[in-house]
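**Student:** After the structure tokens below, expect a handful of questions from me.
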Amino acid sequence: MTDLLLSPLLLFGAVTFYFGLLSLAYFPLAFSYPFWERRLMARARAANYMPRVSVLVPAYNEERTICLSVQSILDSDYPDFEVIVINDGSTDATASEIQPFINAGLIRYRAKRNGGKASALNAGIALASGDIILFSDADSIFEKDTIRNGVAYFADPEIGALSGNDTPLNPRGALQKLMVVTSHIGTGFVRRALSMARILPIIPGNLGMVRTNILRAIGGFREVWGEDLELTLRLHRYGVRIVYGASTKVIAECPHTLRGLWRQRVRWIRSYICVMRMHRDMIGHPKFGGFGLYLLLNLFNMVVIPVLQALNLLLLPAALHAGMVNVQNMEWVAYLGFGSLLTVAVTAILLDKSLRDLMFLPYTLVLLPLSYFYTAVVIYSIWAEARAHATDWNKLERRNPNQPPMVEDPWRRRLVLGGVTVAGLAAATSVMQIDADDLNQIGQMFEPEKPVGGNLTVSIHFSDWPDWRQALQWFLQSSGAKHVDRVAISAGRPDWTFYKWPGHEQWWSPEQHDAEVDLLGETIAALAARGYKTTATLDALAPRYLQLNPQFAAVDVKGKHSRDVVCSTCLANGEYGELFDAAFRSLAAKTEVDSICITEMFYDVHCYDERCRASFAEASGRSDWPRHFGGRIDRQHPAIGKWRSEQVARTVARLSAIAGTHGKQLLMDVRVSRDNLTRNSSENGQDYRLLLPLVDQLVVWDYFAIDRLPPRVAGKVARYLSRNFGADRYWHSIGLWDDKGGSIDAEQMAHAIRAARRAGSKNIWITPGKDLTASHWQALEKLELGKDYPDRA
């Protein structure tokens, strides 16, 4: 009986040990991928490579998901693309669901008789006008930079096709959480390695990109089951280089039931067998180089190994009982197999920079029974192919992405997640620099993902839209706008106002000159009428002013004059300070705004002209700037930070008095001292200790993605600020920008907010509003950030 129970466990361990040995060849390739990708992305940015892209979305009975999918594509930040939806004879409400997009002229639409996914894609190829064709599924959710990142890989003319990175949508339950881990392994780890070896065997149907001329030259998609796999092999046949795009991501549906998983995997294996038969001349053929040899190995792994596993499952108990197999040796093989699985899983998660997904490692235990489930899938698929069973779209059962997740039993979840492996955490700790705060946050990740609540401000800027009215319309029509507590609106700059400043018409923005109404006043009135609190943001930069008065420009440590930053001494005691005060006074007196926020009043690399040196000498008693040994000015010297912060504080004190006179609250944007939080941004001239007595609240810029930091750092910032200054004294501003000119996805934003709230932040500020997609709004609602949630009534 013991032998019967041990057999599945030992056999599974032996299989994982085999694949672990194979993975040894993958590690150096996977680790080299990020360096190759970084060079390619830099090349694309330098060349400003932006060809036209045609996005094809074939759809058959996709009424539940197609709107959200299409909207996520339209929200892309890429400047030149078209969306083509091909309705393959849907019998549900797919057509009516996307009618608003058609009426608005946002997409091109083709309805056809049902002919299968390949025929739908070919219909789209015929309509495409782009240089690159991107094909996806009608349930895939794009990130804002999915298209932009995908195109970047094609800056190398040698690359003809790209295999995208798909991530499971809203994983719920043990099955989907296991699939998150296996997705990191199979997609993130293995595809990186195979891409570097130039033997990538699949372009997934939910995110693939091919140069249009190549796709048309080889005849498009063939109408077979597994059209994406068949296309991939045909591209290899013609010598087209295919690469993996780790930065090109979609969030895609995955099975949430065993029935759904069975149908999906049977479809995959049957299509794999079918396509391998079609291209059997490529398997192991030296003509196709390493790819031909890889096909042979892959066929062995995909089909032969599961069959051998089934046979050994029947024979192993008898062999153990008869003493033909050494149990102790088998146990060691199993231990090594489990260890290799865990090592690959942790490595894959770290390569994908998804530290949070370490929490799903315990679900790899589900792989034991699922390995035999997969064995059954393979055996059934071989039988079904032999009997030529019918094939069709055989899609997954779609969930409604807008439907909130089912409430899980928190105690059951805690028990499961409480068993997260020490080895996984140890590996993460050794690979990444994780301190005590990080470990605390990792521990919090294993708690139930309950809503975090908190106050919510969203920032909008007129300059982000072609017409100023669109800024207000966008916000009011957004799905989550009803939950926002406060809206921050750009008031412009003293030399470029979005409000009517009497007597200073020369400083009005062109938008304000062209409008009959007061842009800011009209917007504030519309928002206030709907119950929103409002904040006007006044910018301290002054490029127009400096064009006319270049003598007041700030000078950096290298002696270069700024085009938009005014000398801090001129701001504190000079003409521009008077202009700024006047603009602020008019804003406070003439508008019904609740508060005014001062922004861009920082001096990280400026100002080091003779005016500032004389001011510094008078304040500090030093005749010259503090300098490094080599003679360079020591910008972070405490004496400079103290003097500069006092200059800025003098300006803020004047503004504070004006705000108080007119009954307005005063807020101020400040930076974070990343390398040492206790400096309190004094190196930027913004010492919190000097500013907090003068303002009602600080707005702390936590733009972690621009600084190339993970979202969890928001917890460190929040913990420091809340403990030292109080959670009521600041807004935690989460910037949606990334370091590549795009924006972070909804998951990264949610991680940062959750980390900040758990560490003590009460107030969350999101900027810029224009980067909030449907997925971002859904994430904010899931966190229950803001107001008017029924369960909190």
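The values are calculated or read from the model by the stated rules, or taken from the named source; none is laboratory data. Worth saying up front: this structure is predicted, and the values here are computed from it rather than measured. Every residue, glycine as well, gets a Cβ built from its backbone with ideal geometry; the counts of neighbours run over all protein chains shown. Keep in mind that these areas ignore ligands, DNA and RNA; they rest on the heavy atoms of the full protein, side chains included. Shrake-Rupley method; radii C 1.70, N 1.55, O 1.52, S 1.80 Å.
**Student:** For the chain, divide the Cα radius of gyration by the Kirkwood radius and give the resulting Rg/Rh value with two decimals.
**Tutor:** 1.01
**Student:** Relative to the first principal axis of the alpha-carbon coordinates of the chain, what is the inclination of helix 436-445, with its axis defined by its Cα atoms, in degrees from 0 to 90 and to the nearest 10?
**Tutor:** With rounding to tens, the tilt is 60 degrees.
**Student:** Right, something else. Find the relative contact order for the chain and round it to a whole percent, using C-alpha pairs within less than 8 Å whose residues are 6+ positions apart.
**Tutor:** With pairs under 8 Å counted, the relative contact order is 11 percent.
**Student:** Using θ = phi - 60° and the Karplus relation 6.51 cos²θ - 1.76 cosθ + 1.60, list the HN-Hα couplings for segment 55-72 in order, rounded to whole Hz, with x at every Gly or Pro.
**Tutor:** 9, 9, 10, x, 9, 9, 6, 10, 4, 6, 10, 5, 5, 5, 5, 5, 4, 5
**Student:** Say the cut-off is 30 Å between C-alpha atoms; which of Lys533/Lys770; Lys144/Lys716; Lys500/Lys560; Lys500/Lys770; Lys560/Lys664; Lys664/Lys762 go over it? Present the calculation step by step, with values, prior to reporting the outcome.
**Tutor:** Details: Lys533/Lys770 19 Å; Lys144/Lys716 27 Å; Lys500/Lys560 34 Å; Lys500/Lys770 24 Å; Lys560/Lys664 37 Å; Lys664/Lys762 21 Å.
As for pairs spanning more than 30 Å Cα to Cα, those are Lys500/Lys560; Lys560/Lys664.
**Student:** Where only protein heavy atoms count, and the probe is 1.4 Å, what is the accessible area per residue for the chain in Å²?
**Tutor:** 42 Å²
**Student:** Additional query: Hey, what did segment 469-568 get for relative contact order, percent, Cα under 8 Å, at least 6 apart?
**Tutor:** Details: 126 pairs, mean separation 25.8, N = 100.
Worked out over segment 469-568, it gives 26 percent.
**Student:** I'd like to know which of Gln99, Ile598, Ile382 lies farthest towards the positive end of the charge dipole of the chain, counting +1 on Cβ of Lys and Arg and -1 on Cβ of Asp and Glu.
**Tutor:** Ile382
**Student:** Moving on to the next point. Suppose every K and R has +1 on its Cβ and every D and E has -1 on its Cβ; what is the size of the dipole of segment 16-65 about the Cα centre, in Debye to the nearest 20?
**Tutor:** 360 debye
**Student:** On to the next question. For Ile744, enumerate residues with amide H under 5 Å from its amide H, sequence gap 5+ or separate chain, H modeled in the peptide plane.
**Tutor:** Trp737, Asp738
**Student:** Quote the relative contact order of segment 635-728 in percent (integer), defining contacts as alpha-carbon pairs under 8 Å separated by 6+ residues.
**Tutor:** With pairs under 8 Å counted, the relative contact order is 30 percent.
**Student:** Right, another one. By how many degrees, between 0 and 90 and to the nearest 10, does the Cα long axis of helix 258-278 differ from the longest principal axis of the chain?
**Tutor:** Relative to the chain, helix 258-278 is tipped by roughly 70 degrees.
**Student:** Separation between the Leu476 and Ser620 pseudo-spin-labels, each 7 Å from Cα along Cα→Cβ, expressed in nm?
**Tutor:** The modelled label-to-label distance comes out at 5.2 nm.
**Student:** Additional query: Determine ³J(HN,Hα), in whole Hz, for all residues of segment 475-482 in sequence, where each value follows from phi through the Karplus function 6.51 cos²θ - 1.76 cosθ + 1.60 and θ = phi - 60°; x replaces Gly and Pro.
**Tutor:** Result, ordered by residue: 5, 5, 8, 5, 5, x, 4, 5 Hz.
**Student:** May I pose another question? Whenever you get a sec, line up Asp675, Asp137, Asp80 from highest to lowest accessible area (probe 1.4 Å, protein heavy atoms).
**Tutor:** Asp675, Asp80, Asp137
**Student:** Additional query: Counting only residues 5 or more places away or on other chains, whose amide H sits under 5 Å from the amide H of Val55 once H atoms are built in the peptide plane?
**Tutor:** Counting only residues 5 or more places away or on other chains, the set is Glu82, Val83, Ile84, Leu134.
**Student:** When the helix-only estimate is applied to the chain (DSSP H runs of n ≥ 4, each -39,500 (n - 2.57), divided by the residue count), what is the mean residue ellipticity at 222 nm, nearest 500 deg cm²/dmol?
**Tutor:** Helix-only estimate at 222 nm: -14500 deg cm²/dmol.
**Student:** Put a dot 7 Å past each Cα toward the Cβ at Ala42 and Lys450; how far apart are the dots in nm?
**Tutor:** Between Lys450 and Ala42, the simple spin-label model gives 4.7 nm.
**Student:** For a Förster distance of 35 Å, can you work out the FRET efficiency between the beta-carbons of Ala174 and Asp788, rounded to the nearest 0.05?
**Tutor:** In this case the efficiency is close to 0.55.
**Student:** Here's something else I'd like to know. Could you tell me how far the Cα centroid of segment 512-588 sits from the Cα centroid of segment 251-293, in Å?
**Tutor:** If you average the Cα positions of each part, the centres end up 60 Å apart.
**Student:** If you place +1 on the Cβ of every Lys and Arg, -1 on the Cβ of every Asp and Glu, and leave all else neutral, what size is the dipole of the chain about its Cα centre, to the nearest 20 Debye?
**Tutor:** 1480 debye
**Student:** If R₀ is 60 angstrom, what is the calculated FRET efficiency for the pair His662 and Thr91, using the beta carbon separation as r and rounding to 0.05?
**Tutor:** Using R0 = 60 Å, I get an efficiency of 0.45.
**Student:** If exposed chymotrypsin sites (Phe, Trp or Tyr not before Pro) are those in a DSSP loop with at most 11 other Cβ within 10 Å, what is the longest stretch of the chain that has none?
**Tutor:** That gives 239-628 as the longest site-free run.
**Student:** Treating the angle as unsigned and between 0 and 90°, give the value, to the nearest 10°, between the Cα long axis of helix 422-431 and the longest Cα principal axis of the chain.
**Tutor:** 50 degrees
**Student:** Further, regarding this structure: Compute the distance in nm between two label points, each set 7 Å from the Cα along the Cα-to-Cβ direction, one at Asn549 and one at Thr257.
**Tutor:** Simple spin-label model gives 7.1 nm for this pair.
**Student:** Quick one: which residues, 5+ away or cross-chain, put their amide H under 5 Å from the amide H of Arg493? H built at 1.01 Å from N.
**Tutor:** Amide H to amide H, under 5 Å and 5 or more residues apart or across chains, Arg493 pairs with Phe498, Asp539.
**Student:** Using square roots of five times the C-alpha gyration tensor eigenvalues, list the equivalent-ellipsoid semi-axes of segment 82-210 in whole Å, biggest first. Walk me through the numbers before you get to the answer.
**Tutor:** Numbers: eigenvalues 152, 85, 37 Å².
One finds semi-axes of 28, 21, 14 Å for segment 82-210.
**Student:** Given a 1.4 angstrom probe, I'd like the percentage of the accessible area of the chain that is carbon and sulfur, rounded to a whole number.
**Tutor:** Whole-percent figure for carbon plus sulfur exposure: 56.
**Student:** Additional query: Using every pair of alpha-carbon atoms in segment 696-763, split the distances into 5 Å bins beginning at 0 and state the percent of pairs per bin, rounded to integers.
**Tutor:** 4, 20, 31, 23, 14, 7, 2
**Student:** Largest first, how would Met302, Met749 line up by accessible area (1.4 Å probe)?
**Tutor:** Met302, Met749
**Student:** Each residue of segment 227-239 in order: what ³J(HN,Hα) in whole Hz does its phi give by Karplus 6.51 cos²θ - 1.76 cosθ + 1.60, θ = phi - 60°, with x for Gly and Pro?
**Tutor:** 4, 6, 5, 5, 4, 4, 5, 5, 5, 5, 4, 8, x
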